[in-house]
Amino acid sequence: MSEGLFTQLLDLACGAFLLAAVVVLWRRELSAIVRLFALQGVALAAIALLLGLHEDRWGLLVVAVGIGTLRAGLLPYLIRRALKAFVAERDGSHEGHEESRETQPLVNVAASLLTAAALTLLAYAVARPLVELDPTPATRALPVGLAVVLIGFFVLVTRRRALAQVVGFLLLDNGITATAFLAASGVPLIVELGVSFDVLLAVLVLQLLTVRVREAFGTTDIDDLRELHD
């Protein structure tokens, strides 16, 4: 693969990776948010695949396949199944419709998109010294990974639905993984496998807790649960 083609494809994959995180802030339907997370998983796998092909690292190609399977397939499937199970329980009811949407995030859509732009600029400013140390195509895309980390944390703290917060946590993890790939041209296979299994375990635990909370209180809205506590 030529250097020019590699740079263009890597920029395209990184652009799609960042765009998916930004659009999550725009959409309120939880099903659409899960689909966007799956698309981001495809973009993350493409980043690892391109780095592996460019550097002739077969271990990184295996990691790319694993990331695509886990973060674009299995994790979105688990979240989507939890969402469908609750909507099916309240089919046709107002509560079921409300639970399938992020109706009242702590920050509205316009302010969220402006915040995403500010966080992206901050990521580029923070990463600039690192990029100047080694201005390769991969390191020049490093701010994208940092921006997704910040956006994922923003989603985590501003969304009220538990499933939306799970997606925010996964966006943050995707950003950390992308940053590791772009900064160090990937991580050892055994490390990535260990992290991926930890993420899978965390999602399974969060899904179980979400189901239990929903069964006990009939909602996963954080504000409603806080009112019950008060």
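The values are calculated or read from the model by the stated rules, or taken from the named source; none is laboratory data. These numbers were taken from a predicted model, which means no experiment stands behind them. As a convention, Cβ positions derive from the backbone with ideal geometry for all residues, glycine included, and neighbour counts pool all protein chains shown.
Taking the condition of being surrounded by fewer than 22 Cβ atoms within 10 Å (Cβ to Cβ) and part of a helix (DSSP H, G or I), how many residues in segment 134-148 meet it?
3
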Could you grab me the full set of residues in segment 36-81 that are surrounded by 16 or more Cβ atoms within 10 Å (Cβ to Cβ) and among the basic types (Lys, Arg)?
-> ARG57, ARG71, ARG80
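Would you check if ALA127 is assigned to a helix (DSSP H, G or I), touching a helix residue (DSSP H, G or I) at 6+ places or on another chain (Cβ under 9 Å) and at pLDDT below 80?
no
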Counted residues in segment 37-72 being at pLDDT 90 or above and within 13 Å of the chain's Cα centre (by Cα) come to 9
Sole exception among (1) in contact (Cβ under 8 Å) with a residue 24 or more places away in the chain; (2) farther than 20 Å from ARG140 by Cα; (3) of a type outside the set (Gly, Ala, Ser) for LEU61, by number = (1)
Counted residues, segment 147-186 - those being among the β-branched types (Val, Ile, Thr) and more than 29 Å from TRP58 (Cβ to Cβ) = 6
Pick from segment 101-124, criterion among the hydroxyl-bearing types (Ser, Thr, Tyr) and not in a loop (DSSP other than H, G, I, E, B), ranking: farthest from VAL24 (Cα to Cα) = TYR124
Contact list, first residue from segment 1-12 and in contact (Cβ under 8 Å) with a residue 40 or more places away in the chain, second anywhere and assigned to a helix (DSSP H, G or I) and surrounded by 12 or more Cβ atoms within 10 Å (Cβ to Cβ), beta-carbon distance below 6 Å, six or more apart or interchain, is MET1/LEU53; MET1/HIS54; PHE6/HIS54; THR7/PRO137; LEU9/LEU50; LEU10/LEU50; LEU10/PRO137
Looking only at segment 1-31, and only at residues there that are among the charged types (D, E, K, R) and assigned to a helix (DSSP H, G or I), the one that is farthest from ALA43 (Cα to Cα) | GLU3
State yes or no: is VAL34 part of a loop (DSSP other than H, G, I, E, B), modelled with pLDDT of 80 or more and within 20 Å of LEU163 (Cα to Cα)?
-> no
Looking at this structure, is VAL187 assigned to a loop (DSSP other than H, G, I, E, B), β-branched (Val, Ile, Thr), closer than 19 Å to GLN40 by Cβ and at pLDDT below 85?
-> yes
